[in-house]
Each structure stands twice: as structure tokens, then as C-alpha cells.
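Right, one structure below, let's go through it.
The values are calculated or read from the model by the stated rules, or taken from the named source; none is laboratory data. None of the values given here were measured: they were computed from a predicted structure. Note that we place each Cβ from the backbone using ideal geometry, even for glycine, and neighbour counts take in every protein chain shown. Quick note on the areas: whole protein, heavy atoms, side chains included, nothing else; ligands and nucleic acids left out. Shrake-Rupley method; radii C 1.70, N 1.55, O 1.52, S 1.80 Å.
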Amino acid sequence: MTLKLGIPSKGRLMEKTFDWFAARGVTLRKSGSEREYAGAVDGIDGIELVLLSAGEVPRELDTGRIQLGVTGSDLVREKLSSWDQRVVEVVKMGFGGADLVIAVPQAWIDVDSLDDLDAVAAAFRAHHGFRLRIATKYHRLVREFMREHGVADYQLVDSQGATEGTIRNETAEAVADITSTGETLRANGLKILGDGMIHASQATLFRARRRNWTQAQRDTFKALETKLGT
């Protein structure tokens, strides 16, 4: 049986993944037409390429439908509870970097830390009768982070669009969002809390826990590790 390697199917993340493997003597390429989600692997035997969206990779690893996968470390942590018991980081790949952060309006001049946010959240609830809203796509990561830091008087509102615009649209009072430079947040009148870093994400090669791997798959993985220098 082959080892199935899932990688992002398009965009810069796919291109960077191709480049990263090529620099280590393993060529990944699309096969068929541009619209087909098919691929091939040259430079090592026993690996089959599977093209997926970055968000699908954690689920496919967890179910065992793929054995290896490249995706953002934020997505694995968000989509898989107790992720480190279900998949293993093989190597951080050094690209696709972005930070998941808590940001509040720049007009909140006295709010620079999570302690400040906690105080504002309590006052907000007392004044308005409902909890301060934080817009995010990352519910699991934000809840875990807030619990660890003792912030309780808030509610999460789901944002699958432009999260940084929710405050201007008056659907949230704060945001937890991914940013590379912070420029988009600043352009929307937001500032990152000094201790508001939730997770520094980057593209990472993960492997599934080796449930039911054949000896051939184990041998292929060892050969791949040698190629990659991990």
C-alpha cells in the first residue's frame, strides 16, 4: 500500500509546498488538466499525492484516509480536539506564517492587555446586559486561550468573511483573526493586544498516528524522512 500525502490544491501554499519538497529531491506535480485534483510524486517510491483544500487536511489525517498532510498548524489545532494525540508534527516548513491574535478598537486607549479586556468585558455586560462579542473563525483556539488567561465575560460570534470588518458593521466589539503583518487590522482601526498572541501558525508537515500502517508504509516513511532530513 502507498502512503497518501495530502497537500493544498491551489494557490501560494501549494506552490510553496511544491518548492519545499523539490529542494529536498522530491518532485510534486499536478497531473491532468489544471482543473483536475490529481497529482504525482517523483523522486521516491510508494507515495501518492492527494490534492485537498488546506482545511480538509486535518480531517483526512484524523480519519486515516491520508497518512501525511501539509496544512497550517492553526487549522490542525482548531479542527482537531487534543490534536497532538491524533496527529504528529513531522517538520515545520518555514513558510505560510501568520499569527492568530486578539485585536480591539484603537479607540479603546486604556485596553492593551487581556486583563484590560477582561475588565472591559465585565463592564460591558453590566452596562449592556449581554456579553462582549468577539468575531472569529477559530472558536476552539480562542476559547482555550481565553480560559487559560481567565477571561470569561465574552461570547464568540462566527465570522466566515472579513472578520476585521465586523466591528465597523457593529456585529462584534473585538476580533480574533489571522494576520501576517497587522496592516489590515490597523487599516480597520484595530490594535493587537500586547499579550493577545494565540498561535503563531505556519505550514507544517503532519503525519497521522500510525494505526494500521503496513510495514511497506513504514519503510516508505523512513525513506521520506531521510530525503527530507527530518
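Quick check, is Ala123 among the hydrophobic types (A, V, I, L, M, F, W, C), out of contact with any Gly (no Cβ under 7 Å at 6 or more places or on another chain) and surrounded by 14 or more Cβ atoms within 10 Å (Cβ to Cβ)?
It is false that Ala123 is among the hydrophobic types (A, V, I, L, M, F, W, C), out of contact with any Gly (no Cβ under 7 Å at 6 or more places or on another chain) and surrounded by 14 or more Cβ atoms within 10 Å (Cβ to Cβ).
Counting only residues that are more than 20 Å from Ala54 (Cβ to Cβ) and in contact (Cβ under 8 Å) with a residue 40 or more places away in the chain, how many does the range 187-209 have?
Adding up the residues that qualify gives 10.
Determine the pairs where a residue that is within 16 Å of Val104 (Cβ to Cβ) and touching a residue at least 40 places away in the same chain (Cβ under 8 Å), located within the range 128-144, has a partner that is of a type outside the set (Ser, Thr, Tyr) and open to solvent by 40 Å² or more (accessible area, probe 1.4 Å) with Cβ atoms under 6 Å apart, the partner being 6 or more residues away or on another chain.
Qualifying pairs under 6 Å: Arg133/Gln155.
With the requirement that a residue be in a strand (DSSP E or B) and surrounded by 14 or more Cβ atoms within 10 Å (Cβ to Cβ), what does the range 151-178 give you?
The answer is Tyr154, Leu156, Val157, Ala174, Val175, Ala176, Asp177, Ile178.
Return yes when Leu114 is of a type outside the set (Ser, Thr, Tyr) and out of contact with any helix residue (DSSP H, G or I) (no Cβ under 6 Å at 6 or more places or on another chain) and no when it is not.
In short, yes.
Out of the range 126-142, which residues are open to solvent by 60 Å² or more (accessible area, probe 1.4 Å) and part of a loop (DSSP other than H, G, I, E, B)?
If the condition is that a residue be open to solvent by 60 Å² or more (accessible area, probe 1.4 Å) and part of a loop (DSSP other than H, G, I, E, B), then Gly129, Phe130, Arg131, Lys137 are the ones that fit.
Just checking: which of the strands (runs of 3 or more DSSP E) contained wholly in the range 44-105 hold 2 or more residues that are over 28 Å from Gly165 (Cα atoms)?
47-52, 68-72, 87-92
Write out, first by first residue and then by second, each pair whose Cβ atoms fall under 7 Å of each other, whose residues are 6+ apart or on separate chains, and whose first residue, in the range 42-55, is touching a residue at least 12 places away in the same chain (Cβ under 8 Å) while the second is of a type in the set (D, E, K, R) and open to solvent by 30 Å² or more (accessible area, probe 1.4 Å).
From the range 42-55, the pairs are Ile44/Lys227; Glu48/Lys4; Val50/Lys4.
Could you count how many residues in the range 51-107 are more than 15 Å from the chain's Cα centre (by Cα) and crowded, with 21+ Cβ neighbours inside 10 Å?
Final tally of qualifying residues: 6.
Just checking, how many residues over the range 167-178 are basic (Lys, Arg) and at pLDDT 95 or above? Outline the logic, then answer.
So the first thing to find is which residues in the range 167-178 are basic (Lys, Arg), and the list is 168.
Adding the requirement that they be at pLDDT 95 or above leaves none.
Selection size over the range 167-178: 0.
Taking Thr204 as the residue in question, decide whether it is part of a loop (DSSP other than H, G, I, E, B) and either of a type in the set (Val, Ile, Thr) or in contact with a Phe, Trp or Tyr (Cβ under 9 Å, 6 or more places away or on another chain) (or both). So that I can check it myself, show each step before the final result.
Values: part of a loop (DSSP other than H, G, I, E, B): no; either of a type in the set (Val, Ile, Thr) or in contact with a Phe, Trp or Tyr (Cβ under 9 Å, 6 or more places away or on another chain) (or both): yes.
In short, no.
What residue, among those in the range 179-207 that are among the small types (Gly, Ala, Ser) and at pLDDT 95 or above, is most open to solvent (accessible area, probe 1.4 Å)?
To start, the set of residues in the range 179-207 that are among the small types (Gly, Ala, Ser) comprises 180, 182, 187, 189, 194, 196, 200-201, 203.
Now narrow it down to the ones that are at pLDDT 95 or above: 194, 196, 200-201, 203.
Details: Gly194: 77, Gly196: 0, Ala200: 61, Ser201: 10, Ala203: 2 Å².
Top of the filtered list is Gly194.
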